[in-house]
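What follows is a single structure, written as structure tokens, with notes after it.
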Amino acid sequence: MKTSTGLLILIAIMHFITLSNITLFDGRWNGIAMWLNTGLFIAAIAFYFMERTNSKSQVL
């Protein structure tokens, strides 16, 4: 999977979590939504750096 595709999917999931928290739960699950979004953000950073490391090792 391309890096941009993976990151775009993670961003879409983060927006879906926020949207569903606001519309379905009237913001009552703010803590859970923030925890999930933070976890996905850390996963996106890890995915980016793994891909970056792999692309650098292939060039050398």
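Here, each number is a calculation from the coordinates, and none is a lab measurement. None of the values given here were measured: they were computed from a predicted structure. When we count neighbours, we look across all protein chains shown, and the Cβ atoms used for this are built from the backbone with ideal geometry, even at glycine.
Express the relative contact order of the chain as a whole percentage, based on alpha carbon pairs under 8 Å and six or more residues apart in sequence.
About 42 percent, as a whole number.
Using a 7 Å offset from Cα along Cα-Cβ at residue 20, what residues in the stretch 27-51 end up with backbone N under 20 Å from the label point?
In the stretch 27-51, the label zone of residue 20 (backbone N under 20 Å from the point 7 Å along Cα→Cβ) covers 27-44.
Among 43-49, 24-30, how do they line up from the highest to the lowest mean number of other beta-carbon atoms within 10 Å? Walk me through the intermediate numbers first.
Numbers: 43-49: 13.6, 24-30: 11.3.
Going from most to least packed, we get 43-49, 24-30.
Go ahead and estimate [θ] at 222 nm for the chain from helices alone: -39,500 (n - 2.57) per DSSP H run with n ≥ 4, summed, over the residue count, rounded to 500.
On the way: 2 runs with 51 residues, N = 60.
Here the helix-only value at 222 nm equals -30000 deg cm²/dmol.
Give me the Å³ per residue figure for the convex hull around the C-alpha atoms of the chain.
Residue-normalised Cα hull volume stands at 51 Å³.
Compute the helix-to-body angle for 30-59: its Cα long axis versus the longest principal axis of the chain, expressed 0 to 90° and rounded to tens.
For helix 30-59, the angle is close to 10 degrees.
To the nearest 10 degrees, how steep is helix 3-23 against the longest Cα principal axis of the chain, on a 0 to 90 scale?
10 degrees
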